[in-house]
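Heads up: the structure comes next, in structure tokens.
The values are calculated or read from the model by the stated rules, or taken from the named source; none is laboratory data. For clarity, every value in this text was computed on a predicted model and none was experimentally measured. Here the Cβ positions follow ideal geometry from the backbone for every residue, glycine too, while neighbour counts run over all protein chains shown. When the accessible area is computed, the model is the full protein with side chains, heavy atoms only, and any ligands, DNA or RNA have been set aside. Shrake-Rupley method; radii C 1.70, N 1.55, O 1.52, S 1.80 Å.
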Amino acid sequence: MPKTPLILAFDTSAAHCAAALLSDDQIIASVQEPMSKGQGERLLGLCAEVLTSADVTYGDLTAIGVGVGPGNFTGIRIAVSAARGLALGLGVSAIGVSHLQALAYGHDGVVISSIDARQDKLFVQVFGTMDDREPVMCSLDNLPAVPSRADPICVGHQADLIAALCNGTALPPRSPVAEATAHIARARLGTQNPRPAPLYLRPADAAPARDKPPTILA
């Protein structure tokens, strides 16, 4: 019989360290810890705890799902490096999922996802339109256009303000970020997936972090 898909997904692209374990289509373990720094030291331990709580091991995994941003530079690099290393060592696929996609997961129709990009900017992506929309960095004054009468669902940072500007409805995410990442990775199993890579939408605008982030191999 085919092996039931078992996917470990994690995300450190924002001020958290989050991991979830999905068996087939069911989340069987999930943890999200608020954390502004220290994700590099905590991530693998958190993943091990999630696996132990479900009485499985890394060797049981079918794939790794990882949040690729946009968000915190160091946090993104930590998660992507860990996913690549685990996937290589285990001989399984690593599937990158953007935080914007994770926010939109489970909502139908046109969805506007937004993340705080600081300095009065947002990372925004529009899902559910006829054409593929790429994520952008913008402000409330120059949001991406949405089709007329789309009545979009707005989710994420400043969703209420975006909804007012776009004649939409502000709603919370349907799932925590790691759980949504696991579900999206599950849907992509068996398809061609590029190696996970950080999704950066702005150049670094601050001094390098004191703790050097892991090097990502090409």
(message) Would you confirm whether or not the range 67-81 contains a residue that is free of Cβ contacts under 8 Å to residues at least 40 places away in the same chain and either surrounded by fewer than 22 Cβ atoms within 10 Å (Cβ to Cβ) or among the basic types (Lys, Arg) (or both)?
(response) no
(message) Just to be sure before I move on: is Pro214 at pLDDT 90 or above, closer than 18 Å to Gly69 by Cβ and open to solvent by less than 90 Å² (accessible area, probe 1.4 Å) in the structure I sent?
(response) no
(request) Would you be able to say whether some residue in the range 101-112 is modelled with pLDDT of 95 or more, under 20 Å from Arg195 (Cα atoms) and of a type in the set (Gly, Ala, Ser)? (result) yes
(request) Within the range 31-58, track down each residue that is among the β-branched types (Val, Ile, Thr) and open to solvent by 50 Å² or more (accessible area, probe 1.4 Å). (result) Val31, Thr52, Thr57
(request) Taking Gly190 as meeting all but one of (1) under 20 Å from Ser81 (Cα atoms); (2) at pLDDT below 95; (3) open to solvent by 40 Å² or more (accessible area, probe 1.4 Å), write down the number of the exception. (result) (1)
(message) Among the residues of the range 146-153, are any modelled with pLDDT of 90 or more, at negative phi and touching a Leu at 6+ places or on another chain (Cβ under 6 Å)?
(response) yes
(message) Take the residues in the range 13-30 that are hydrophobic (A, V, I, L, M, F, W, C) and out of contact with any helix residue (DSSP H, G or I) (no Cβ under 6 Å at 6 or more places or on another chain); name whichever of them is surrounded by the most Cβ atoms within 10 Å (Cβ to Cβ).
(response) Ala14
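For (1) without any contact (Cβ under 8 Å) to a residue 24 or more places away in the chain; (2) open to solvent by less than 20 Å² (accessible area, probe 1.4 Å); (3) within 16 Å of the chain's Cα centre (by Cα), each residue gets a yes or a no:
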| position | (1), (2), (3) |
| --- | --- |
| Val97 | no, yes, yes |
| Gly109 | no, no, no |
| Asp116 | no, no, yes |
| Phe123 | no, yes, yes |
| Thr129 | yes, no, no |
| Arg133 | yes, no, no |
| Val136 | no, no, yes |
| Asp141 | yes, no, no |
(request) Hey, can you tell me all the residues within the range 1-15 that are among the hydrophobic types (A, V, I, L, M, F, W, C) and assigned to a strand (DSSP E or B)? (result) Leu6, Ile7, Leu8, Ala9, Phe10
(message) Can you find, within the range 81-100, the residue that is nearest to Leu199 (Cα to Cα) among those that are of a type in the set (S, T, N, Q) and not in a strand (DSSP E or B)?
(response) Ser98
(request) Filter the range 39-74 down to the residues that are in a loop (DSSP other than H, G, I, E, B) and modelled with pLDDT under 95, then identify the one that is farthest from Arg188 (Cα to Cα). (result) Asn72
(message) Going residue by residue through the range 16-25, is there one that turns out to be free of Cβ contacts under 8 Å to residues at least 12 places away in the same chain and assigned to a strand (DSSP E or B)?
(response) no
